[in-house]
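Any read-out appearing in this document is the output of simple, stated calculations on the displayed coordinates, not a laboratory observation. Just so we're clear, the structure is a prediction, and the values are computed from it rather than from any experiment. Quick reminder, even Gly has a Cβ in these numbers, built from the backbone with ideal geometry, and neighbours come from all protein chains shown.
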Amino acid sequence: MIVTGGGSGIGRATAHAFAGRGWGVLVVGRDAGALKDTAAGHEGIQPFAADLSQEGAPEAVAEAARQRFGRVDALVNNAGIGIFGALGGLARAHVEAQVATNLIAPIMLTQAVLDDLSAGGGVVVNISSAGSLGLRSWPHNAVYGATKAALDVLTRSWAVELGPRGIRVVGLAPGIVDTAAGIRAGMPERDYLGFLETMRERVPLGRIGRPEEIAWWIVQLTSPEASYASGTVFAVDGALSVT
């Protein structure tokens, strides 16, 4: 199987969860050192450094998975970037980077493994965001939110297109999860911790999610017991999105 964005956070936790169940996992990301850390101590995890927004990279990832594991039974489209900015001050390069990573990359990678998934009744899990569900808005982060909303449309559309081929497509929309993504994006640690505290007070369950909790759901959605689930985006956010 393939897990993108596997160098940290939800991607790393997901790779560990699948490897712990005996799956062979190709973890993909831009940072070779981070991927090596993800794979450390896990014999079933194979790192593969690639920038999926670059032409030819999705096909290279698909081929690497085939060479290492023989086939691709599942794909977790988890890689994503967010760059804050309000309309009126958006840099074109920042807009294009988010669209390329969050939307174009999963389209092209899913396409690259279609034949593999068809051969074994495979599963695609698209990692969205609970912040983009329904009629919610995302001021100052609208481009990121728009890419995730678009990914949800792909999830529903692909489920219909690929169902006759035996492929299931599901989405998972995490809420606020402590992945330190804000810090990696340049947010000062103090500001990031303040953001988590502010959001914790808004979550009905009264706490922030953990990457391992999201990974558990991803594993469940790929299991045989979930074989009738397709075309649905599941929110896992402590009920924040329904407040």
| Matching residues, the stretch 4-19, being of a type in the set (S, T, Y) and either in contact with a Cys (Cβ under 8 Å, 6 or more places away or on another chain) or surrounded by fewer than 23 Cβ atoms within 10 Å (Cβ to Cβ) (or both) | S8
| Yes or no: L172 in a strand (DSSP E or B) and among the hydrophobic types (A, V, I, L, M, F, W, C)? | yes
| query | Can you tell which of A150, A215 is closer than 19 Å to G80 by Cβ, in a helix (DSSP H, G or I) and touching a His at 6+ places or on another chain (Cβ under 9 Å)? | reply | A215
| task | Report yes if T38 is free of Cβ contacts under 8 Å to residues at least 60 places away in the same chain, under 14 Å from the mean Cα position of the chain (by Cα), crowded, with 20+ Cβ neighbours inside 10 Å and on the phi < 0 side of the Ramachandran plot, otherwise no. | result | no
| query | Looking at the stretch 102-112, is at least one residue surrounded by fewer than 16 Cβ atoms within 10 Å (Cβ to Cβ), out of contact with any Phe, Trp or Tyr (no Cβ under 8 Å at 6 or more places or on another chain) and not in a helix (DSSP H, G or I)? | reply | no
| request: Scan the stretch 43-93 for residues that are polar (S, T, N, Q) and surrounded by fewer than 18 Cβ atoms within 10 Å (Cβ to Cβ) and report the count. | output: 2
| How many residues, within the stretch 192-239, are surrounded by fewer than 12 Cβ atoms within 10 Å (Cβ to Cβ), acidic (D, E) and either farther than 30 Å from M1 by Cβ or touching a residue at least 24 places away in the same chain (Cβ under 8 Å) (or both)? | 2
| said: For the condition farther than 20 Å from V61 by Cβ, of a type in the set (V, I, T) and surrounded by fewer than 16 Cβ atoms within 10 Å (Cβ to Cβ), what is the one hit in V143, V177, V153? | reply: V153
| request: Filter the stretch 120-142 for residues that are in contact with an Asp or Glu (Cβ under 9 Å, 6 or more places away or on another chain) and part of a helix (DSSP H, G or I) and give the result. | output: G120, A130, G131, S132
